[in-house]
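K.L.:
Shown below is the structure under consideration.
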Amino acid sequence: MKTIDCFMYFDEDMLLDLRLNILDQYVSKFVICEATYNHKGISKKLNFDIKKFKKFEKKIIYTVLDQNPPNLKKIDSNEKPNLKNSKILHNSITRDVFQRNHLMSKISDFVDDDLILISDLDEVPNLEQFRYKNKINIFCQKMFYYKLNLIYPNFVWHGTKACKKRHLNSPQWLRNIKSKKFGFWRLDTLFSNQKYIDINFINNGGWHFTNVKKPEDIHFKMSNFAHHLEYEESGMKVEDLREKISNKKIFYNHAADKSSVNKWNSNIDLRVVEDNHLPKFLINNKKIYKEWLEKN
């Protein structure tokens, strides 16, 4: 059984370098998909440069998505705001899903027994003690903000998910699986493509390094990702992000009700963690990533 690590790429070179180095000894191939447009549908240049990752060149399978999804909704500038916004959100999420599922064009080349990992690029699984057990495997990850050692305390992120290629309906199907193990008596699991009984939750399952960027770059990212409309409506500015980073507070409350406007005004404090919470590669190479490590 080979392990195949699959994810989308936008411009996250530092985190990509870290991910490749952490997972190199466990992963046979890295499948990376980049699109020629952002989730708003605006054309973008291709940022991936294999020359920056020569060490991993033989392991990387890079694929470009240059087509738009077929099921985008036409937006009329004269439409009512609510209808217009719902279409914008639909189209953004559709582009996100379409890009993730494009990974399948390369995954199909592997054998049925290979293990397929589906993550966002900043969700790095801990494979050091991982053993394949169940049909579905969900990695319970620690969440870090702004810096590689600045943790969101007492918050578990269910990021990376894995299954054998024979069980993989699509990358988005795996991504959408509920992070909950349902009892055998739950008849609805027989008819659902999101609820499953045969799930293994991997504790100490890795690291979600979210928004490890400068405030200007976080603003650019949030203005271009699938839920960009929510961010734009929040009124957050670069200076707001700069203040949050300076005060070590997250700018989005992941535990809040999704319909709450207060989710964009969080006061949850981040804290610096000891080295034992971090990947061994990062611990051994602090000088390389010193810009992204918070001092005690």
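The values are calculated or read from the model by the stated rules, or taken from the named source; none is laboratory data. Owing to the predicted nature of the structure, the values given are computational and were not obtained by experimental measurement. A quick note on method: Cβ atoms are made from the backbone with ideal geometry, for glycine too, and the neighbour counts reach across all protein chains shown.
The rows are residues; the columns are (1) farther than 21 Å from residue 207 by Cβ; (2) buried (at least 18 other Cβ atoms within 10 Å of the Cβ); (3) of a type in the set (D, E, K, R).
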site: 2; (1), (2), (3): yes, no, yes
site: 20; (1), (2), (3): no, yes, no
site: 25; (1), (2), (3): no, no, no
site: 38; (1), (2), (3): yes, yes, no
site: 50; (1), (2), (3): yes, no, no
site: 59; (1), (2), (3): no, no, yes
site: 79; (1), (2), (3): yes, no, yes
site: 85; (1), (2), (3): yes, no, no
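K.L.:
Going through the stretch 1-31 one residue at a time, which ones are within 18 Å of the chain's Cα centre (by Cα) and acidic (Asp, Glu)?
P.N.:
Result: 5, 11, 12, 13, 17.
K.L.:
Show the residue pairs meeting these rules: Cβ distance below 8 Å; 6+ apart or different chains; first residue within the stretch 268-282 and closer than 15 Å to residue 156 by Cα and without any contact (Cβ under 8 Å) to a residue 60 or more places away in the chain; second residue small (Gly, Ala, Ser) and surrounded by 12 or more Cβ atoms within 10 Å (Cβ to Cβ).
P.N.:
none
K.L.:
Moving on to the next point. Assess whether residue 108 counts as being surrounded by fewer than 16 Cβ atoms within 10 Å (Cβ to Cβ) and within 22 Å of residue 161 (Cα to Cα).
P.N.:
Taking the combined requirement at face value, the residue satisfies it.
K.L.:
On the basis of being of a type in the set (Gly, Ala, Ser), free of Cβ contacts under 8 Å to residues at least 60 places away in the same chain and assigned to a loop (DSSP other than H, G, I, E, B), does residue 105 make the cut? Reasoning before the result, please.
P.N.:
Working: of a type in the set (Gly, Ala, Ser): yes; free of Cβ contacts under 8 Å to residues at least 60 places away in the same chain: yes; assigned to a loop (DSSP other than H, G, I, E, B): no.
No.
K.L.:
List the residue pairs whose Cβ atoms are under 7 Å apart, where the first residue sits in the stretch 39-65 and is among the acidic types (Asp, Glu), the second is loosely packed, with under 14 Cβ neighbours inside 10 Å, and the two are 6 or more positions apart or on different chains.
P.N.:
57/50
K.L.:
With the structure loaded, tell me whether residue 121 is buried (at least 20 other Cβ atoms within 10 Å of the Cβ) and not in a strand (DSSP E or B) or whether it fails that test.
P.N.:
On the way: buried (at least 20 other Cβ atoms within 10 Å of the Cβ): no; not in a strand (DSSP E or B): yes.
Spelling it out, it is not the case that residue 121 is buried (at least 20 other Cβ atoms within 10 Å of the Cβ) and not in a strand (DSSP E or B).
K.L.:
May I ask you to list pairs of residues, at least six apart or on different chains, whose Cβ atoms are under 6 Å apart, with the first in the stretch 222-238 being not assigned by TED's automatic domain parsing to the domain that holds residue 9 and the second being at pLDDT below 75?
P.N.:
The qualifying pairs are 234/264.
K.L.:
Scan (1) surrounded by 19 or more Cβ atoms within 10 Å (Cβ to Cβ); (2) assigned to a helix (DSSP H, G or I); (3) out of contact with any Asp or Glu (no Cβ under 9 Å at 6 or more places or on another chain); (4) of a type outside the set (Val, Ile, Thr) for the single condition residue 99 breaks and write down its number.
P.N.:
(3)
K.L.:
State whether the residues of the stretch 228-242 include one that is at pLDDT 90 or above, assigned to a loop (DSSP other than H, G, I, E, B), surrounded by 19 or more Cβ atoms within 10 Å (Cβ to Cβ) and hydrophobic (A, V, I, L, M, F, W, C).
P.N.:
There is no residue in the stretch 228-242 that is at pLDDT 90 or above, assigned to a loop (DSSP other than H, G, I, E, B), surrounded by 19 or more Cβ atoms within 10 Å (Cβ to Cβ) and hydrophobic (A, V, I, L, M, F, W, C).
K.L.:
Among what's in the stretch 257-281 and is farther than 23 Å from residue 90 by Cβ and among the aliphatic types (A, V, I, L, M), pick the residue that is modelled with the lowest pLDDT. Can you show your working first?
P.N.:
Taking the stretch 257-281 as the starting set, the residues that turn out to be farther than 23 Å from residue 90 by Cβ are 262, 265-281.
Now drop any that are not among the aliphatic types (A, V, I, L, M), which leaves 268, 270, 272-273, 278.
Values: 268: 88, 270: 96, 272: 97, 273: 96, 278: 98.
It comes out as 268.
K.L.:
A further question on this structure: Taking residue 162 and the conditions (1) modelled with pLDDT under 95; (2) crowded, with 16+ Cβ neighbours inside 10 Å, which numbered condition does it fall short on, given that it satisfies the others?
P.N.:
Failing condition for residue 162: (1).
K.L.:
What about residue 57, is it under 22 Å from residue 210 (Cβ atoms) and either outside the structural domain of residue 89 (by TED's automatic domain parsing) or charged (D, E, K, R) (or both)? Please lay out each step first, then the result.
P.N.:
Values: under 22 Å from residue 210 (Cβ atoms): no; either outside the structural domain of residue 89 (by TED's automatic domain parsing) or charged (D, E, K, R) (or both): yes.
Spelling it out, it is not the case that residue 57 is under 22 Å from residue 210 (Cβ atoms) and either outside the structural domain of residue 89 (by TED's automatic domain parsing) or charged (D, E, K, R) (or both).
K.L.:
Among the residues of the stretch 33-60, which ones are in a helix (DSSP H, G or I) and closer than 15 Å to residue 21 by Cα?
P.N.:
Kept after step one, since they are in a helix (DSSP H, G or I), are these residues of the stretch 33-60: 50-56.
Scanning the stretch 33-60 gives 50, 52, 53, 54, 55, 56.
K.L.:
Oh, and also: Restricting attention to the stretch 132-144, report how many residues are in contact with a Ser or Thr (Cβ under 6 Å, 6 or more places away or on another chain) and either farther than 30 Å from residue 113 by Cβ or among the β-branched types (Val, Ile, Thr) (or both). If you could, list the steps in order and put the result at the bottom.
P.N.:
So in the stretch 132-144, the residues in contact with a Ser or Thr (Cβ under 6 Å, 6 or more places away or on another chain) come out as 138-139.
Checking which are either farther than 30 Å from residue 113 by Cβ or among the β-branched types (Val, Ile, Thr) (or both) leaves us with 138.
Going through the stretch 132-144 one residue at a time, the tally reaches 1.
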